Amino acid sequence: MMQRRAQVHTSIIELLKERIASGGWAVGQRLPSIVQLARQFGVGTGSVREAVKALSSLGIVRVEHGRGIFVVAVPNMQDSLYASFQNVGTGLILELCEARRILEPELAALAAERGTEAELQDIHEQAALMEQRVMQKQDFLEPDVRFHECIAQAAHNQVLSRMLAGVSDLLLDSRRITMHMPGMDERTARYHLLIADAINKRDPFQARLLMLAHVNDAIDGVLAWQGQSADGRSSQRAPPVSPVVLMQRSLTSPH
């Protein structure tokens, strides 16, 4: 079910891009509303909203609050980064994880140092909302993505934030692989809460360490999935846990 939700979301990105590329919506034209698009595609508004965010980060559409969604550029379906991802598969996802391992721990540390009280509250609320939806087996993609966006905003570094936004479509698609790994959703929700707690405590060292462990755990999941695919079988075992994660568990477990 969770894998299907991620596939639906990435399919919507491609459907919107194809519609624009084929001339269905011209540059300058306003797209139907989120609700109308969701009805057209027969999906939830959350999936459409995240697809629009991904296209906005790519410079294909522009969201004007109070006015609507407007086409600003025609996507190149052959040379786009998304098309490259579709061809390369887990190889590009692993490269993405390496980039995240450089960017996101520092963003988390900066958020702990620079974020306003309101921004820190938003980070915690997104983490709590994701945990709630995971426990209730509901669609949690929106708070998952918003959690990382809120951290980038709270870091108050436009260069780092734009670098992360530049790969937002790949960030969403990396979840297509990791979402169906056994136990991954629960671990991700737990990491988000721990990271949010460290940021709210204004502890940049702990925030950096936890975010690094979170990204390393995602890498473990991708590697495990890649190994299963190569063997031509699906295992129900949880992916291997990195040494950083084991260390973090010892730090956060009750004594």
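The values are calculated or read from the model by the stated rules, or taken from the named source; none is laboratory data. Only a predicted model underlies this, so the values are computations on that prediction, with no experimental measurement involved. Cβ sites come from the backbone with ideal geometry, for glycine too, and all protein chains shown count toward neighbours. The area values use the complete protein model at the heavy-atom level, side chains included, leaving out ligands, DNA and RNA. Shrake-Rupley method; radii C 1.70, N 1.55, O 1.52, S 1.80 Å.
Annotations
- Computed lengthening from Glu186 to Ala26, 0.36 nm per intervening residue step minus Cα-Cα distance: 53.4 nm
- Heavy-atom accessible area order for Met130, Met135, largest first, 1.4 Å probe: Met135, Met130
- Bridgeable lysines around Lys53 (alpha carbons under 21 Å apart, same-chain partners fewer than 8 residues away excluded): Lys17.
- Per-pair calculated FRET efficiency, R0 = 25 Å: Gln121 and Arg67 via Cβ, rounded to 0.05: 0.30
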